[in-house]
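The values are calculated or read from the model by the stated rules, or taken from the named source; none is laboratory data. In this text the structure is predicted, and so the values were computed from the model without any measurement. Every residue, glycine as well, gets a Cβ built from its backbone with ideal geometry; the counts of neighbours run over all protein chains shown. Each accessible area value is taken on the protein alone, full model and side chains, heavy atoms only, with ligands, DNA and RNA left out. Shrake-Rupley method; radii C 1.70, N 1.55, O 1.52, S 1.80 Å.
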Amino acid sequence: MTTPAKIQPIKEIIPGIYQIQLELADERLTRLLHVNSYLVQGTDGWLLIDPGWNSPATQQMLETALKSLSLKLTDISTIVITHCHPDHFGLAGRIKQLSPKTRMLIHRWEADLIESRYIRFNEFKEKMNALLISHGVPSVTVDTLGSASMPALEFVIVSLPDQMLYGGEMISTGKFDLEVIWTPGHSPGHICLYEARNQLLFSGDHVLPTISPNISYHVLSGDNPLGDYIYALDKIDHLPIKQVHPGHESSFNDLQGRVQVILDHHNLREKEIVATMSSGPSSCYEIASKLTWNMHGLTWDHFPPMQKRLAITETIAHVEHLRWNGKIRKTYVDGGFRYNLV
Ligand SMILES: [Zn+2]
């Protein structure tokens, strides 16, 4: 299944649970067309999974969808955030301003990221620049790449959680029970929500139907985010699941098949990386510049800054995963890290 050309404002998944598609339109930050938000009925208010990002258009789309069910923002008693990227989390603060009784729940590791990404962002940018330089990014371009995520700030009204999640909890709306499954990788505190009675998985960006989620090594990631991600795929692919409802694109059924395709993709990528390293020690910047990327025919030098940064941090995640598996050695030399095959 591919992303529909037209977004679907609201669709009933099963009685009492709805998918709301909210448009994303900002080429500086994302090539995705929409984010999926989910509305789950409760006995005392509704639960909203991922409200989308903060823009007047998104808020309008969400309110229009709610209105079609005779609901208002104040009918949302609980917001659960799968992860704190702007396209999933940004509007939560606005909803809380307009509906002060609404409670927001997020994994504790994402709560830490809210502060560093959206409040102390200058410190984050400095650390990001230092990390990029240590992985071979030329100093003339580092500031452009380090600042590439700054436009994201426009799309977030910062709000800190009312309740932190740890993974393993059951969130009950009175009508539905959602199990919190901690699935680090795309973000360190990413969670999926599992509704066992109807065998539904709300997968956030952990598993998408056609896109392989970006797994990046950066100043706020774990030491081996790709290893975390593969471990977290294993946590969900044995569950009895009839429908997967992702954070982007369309809902799908065959979770195990999709997980296998993603694992195959990562294996192929690692082989490609190993092949580029045969000529001797390399920085991750050099490795990334030699890999194949799906960038609509643009050459490496012409990648948009955000896409180039993601390509580099994704490459570091792969290389570090290989290193954790004992296939690569890392050396600090001349002010940066160089990697070579063992
Ligand atoms: Zn996303």
ask   = Taking into account only those residues within the range 128-141 that are part of a helix (DSSP H, G or I) and surrounded by 15 or more Cβ atoms within 10 Å (Cβ to Cβ), which is nearest to the ligand (Cβ to nearest atom)?
value = Met128
task = Assess whether His296 counts as being assigned to a helix (DSSP H, G or I) and more than 14 Å from Gly136 (Cα to Cα).
result = no
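Does Ser149 meet the test of being touching a helix residue (DSSP H, G or I) at 6+ places or on another chain (Cβ under 9 Å) and modelled with pLDDT under 95? Reasoning before the result, please.
Numbers: touching a helix residue (DSSP H, G or I) at 6+ places or on another chain (Cβ under 9 Å): yes; modelled with pLDDT under 95: yes.
Spelling it out, Ser149 is indeed touching a helix residue (DSSP H, G or I) at 6+ places or on another chain (Cβ under 9 Å) and modelled with pLDDT under 95.
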key: Wholly enclosed strands (runs of 3 or more DSSP E) of the range 173-220 bearing at least 3 residues modelled with pLDDT of 95 or more and within 16 Å of the ligand (Cβ to nearest atom)   = 191-195, 200-204
task = Starting from residues that are free of Cβ contacts under 8 Å to residues at least 40 places away in the same chain and more than 16 Å from the ligand (Cβ to nearest atom), keep the ones in the range 49-65 and report whichever is farthest from Ile20 (Cα to Cα).
result = Pro56
task = Determine which single condition Leu62 fails, assuming it passes every other condition in (1) in contact with a Phe, Trp or Tyr (Cβ under 8 Å, 6 or more places away or on another chain); (2) buried (at least 16 other Cβ atoms within 10 Å of the Cβ).
result = (1)
Of residues in the range 77-100 being closer than 18 Å to Leu66 by Cβ and open to solvent by 10 Å² or more (accessible area, probe 1.4 Å), the one farthest from the ligand (Cβ to nearest atom) = Pro100
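Of the residues that sit in the range 101-127 and are charged (D, E, K, R) and within 16 Å of the ligand (Cβ to nearest atom), which one is surrounded by the most Cβ atoms within 10 Å (Cβ to Cβ)? Let's see the steps before the verdict.
So the first thing to find is which residues in the range 101-127 are charged (D, E, K, R), and the list is 101, 103, 108, 110, 112, 115, 117, 120, 123, 125-127.
Right, trim to within 16 Å of the ligand (Cβ to nearest atom) and you get 110, 117.
Values: Glu110: 26, Arg117: 21.
Of everything passing the filter in the range 101-127, Glu110 is surrounded by the most Cβ atoms within 10 Å (Cβ to Cβ).
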inquiry  = Let me spell it out: the conditions are (1) in contact with a Gly (Cβ under 8 Å, 6 or more places away or on another chain); (2) under 19 Å from Asp50 (Cβ atoms); (3) surrounded by 22 or more Cβ atoms within 10 Å (Cβ to Cβ), and Pro213 meets all of them except one. Which number is the exception?
reply    = (3)
request  = Please verify whether the range 250-259 includes one or more residues that are of a type in the set (Ser, Thr, Tyr), touching a Leu at 6+ places or on another chain (Cβ under 6 Å) and either open to solvent by less than 40 Å² (accessible area, probe 1.4 Å) or within 16 Å of the ligand (Cβ to nearest atom) (or both).
outcome  = no
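Do you know which of the residues in the range 221-236 that are touching a helix residue (DSSP H, G or I) at 6+ places or on another chain (Cβ under 8 Å) and open to solvent by 40 Å² or more (accessible area, probe 1.4 Å) is farthest from Arg117 (Cα to Cα)? Steps first, answer last, please.
So in the range 221-236, the residues touching a helix residue (DSSP H, G or I) at 6+ places or on another chain (Cβ under 8 Å) come out as 221-227, 230, 233, 236.
Now drop any that are not open to solvent by 40 Å² or more (accessible area, probe 1.4 Å), which leaves 223, 230.
Numbers: Asp223: 18, Ile230: 25 Å.
Looking at the filtered set, the residue picked out is Ile230.
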message = Which of the numbered conditions does Met277 fail, given that it passes all the others? Conditions: (1) in contact with a strand residue (DSSP E or B) (Cβ under 6 Å, 6 or more places away or on another chain); (2) open to solvent by 40 Å² or more (accessible area, probe 1.4 Å); (3) not in a loop (DSSP other than H, G, I, E, B).
response = (2)
